[in-house]
Amino acid sequence: MSFTFRCVDAVADAPLLHSWVTQPYASFWGMLSSTVEGVVEEYSKIQATGHHHAVLGINDDGLPAFLMEEYLPAASPLAAVYAVQEGDIGMHLLVAPPSGDPQPGYTAAVMDAVLKRLFENARVERVVVEPDARNSKIQVLNERLGFHPSGVVNLPDKEALLSFCTRQDYLAAHAALRHPQDPSHDLSAPIHQGASL
């Protein structure tokens, strides 16, 4: 399976995004009680910042499959909790709810595509994530794709597990996904579709 990417249109995509962010599995996204208008407002702000950007991942059938945000940690609350390095990029990920039976390995394939896209930028050396510390499902996925936890930090909206993935970490994890020696690195091992980071 493969994915392409396109920029989020805050107005046109708001009904779709609203249908994702208000589902119970997306509780860690923090928008369960949002309205469509609230989604328009949030993603209009994001797209206007110049340092935070939202894109949709499109699957082989031409359908939106996930929402990914990339941002500059130096311009985010993370700047107050760790020493930002040149080449750092922050990332959030929300996978769409499954339209049928969940596919084994789907969410891992999504994360692999996202990291591949981020590291295609030669200026990116490290991807930074800060999922809610209670979000154990995404932590399993992160570690499978090469992230190393650095510790729990306090952000304005949550206690987060700060984690980092260098280009080398990702390439090693990507190779292990393609040729697993350890079952925990198997791309088809189940992590339920609908993860959020």
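Out of the residues in the stretch 153-170 meeting the condition of being among the acidic types (Asp, Glu) and at pLDDT 95 or above, tell me which one is least open to solvent (accessible area, probe 1.4 Å). Talk me through it step by step, then tell me what you get.
Of all residues in the stretch 153-170, those among the acidic types (Asp, Glu) come to 157, 159, 169.
Keeping just the survivors that are at pLDDT 95 or above gives 159, 169.
On the way: Glu159: 107, Asp169: 44 Å².
Among residues in the stretch 153-170 that are among the acidic types (Asp, Glu) and at pLDDT 95 or above, the one least open to solvent (accessible area, probe 1.4 Å) is Asp169.
Please verify whether the stretch 54-63 includes one or more residues that are part of a loop (DSSP other than H, G, I, E, B) and at positive phi.
Taking the stretch 54-63 and keeping what is part of a loop (DSSP other than H, G, I, E, B), we get 59-63.
Cutting the leftovers down to at positive phi gives us 62.
Yes, there is a match, as at least one residue in the stretch 54-63 is part of a loop (DSSP other than H, G, I, E, B) and at positive phi.
Quick check on Gly105: is it within 18 Å of the chain's Cα centre (by Cα), crowded, with 17+ Cβ neighbours inside 10 Å and under 19 Å from Asn142 (Cβ atoms)? When the stated conditions are applied, Gly105 passes them. Entry remark, the stretch 64-77: residues being closer than 15 Å to Ile89 by Cα and outside any loop (DSSP other than H, G, I, E, B) number 8 in total.
Checking the conditions here, which among Ala80, Ala75, Ala14 is surrounded by fewer than 14 Cβ atoms within 10 Å (Cβ to Cβ), of a type in the set (A, V, I, L, M, F, W, C) and without any contact (Cβ under 8 Å) to a residue 40 or more places away in the chain?
That would be Ala80, the only listed residue that is surrounded by fewer than 14 Cβ atoms within 10 Å (Cβ to Cβ), of a type in the set (A, V, I, L, M, F, W, C) and without any contact (Cβ under 8 Å) to a residue 40 or more places away in the chain.
Restricting the stretch 25-53 to residues that are aliphatic (A, V, I, L, M) and assigned to a helix (DSSP H, G or I), which is surrounded by the most Cβ atoms within 10 Å (Cβ to Cβ)? It comes out as Val39. Ala108 satisfies every condition listed in (1) within 21 Å of Gly57 (Cβ to Cβ); (2) outside any helix (DSSP H, G or I); (3) touching a helix residue (DSSP H, G or I) at 6+ places or on another chain (Cβ under 7 Å); (4) not β-branched (Val, Ile, Thr) except (2).
The values are calculated or read from the model by the stated rules, or taken from the named source; none is laboratory data. Predicted model, so just to flag it, every value in this text is computed and none were measured. Ideal geometry is used to build each Cβ from the backbone, glycine not excepted, and the neighbour counts take in all protein chains shown. All accessible areas refer to the heavy atoms of the entire protein, side chains included, with ligands and DNA or RNA removed. Shrake-Rupley method; radii C 1.70, N 1.55, O 1.52, S 1.80 Å.
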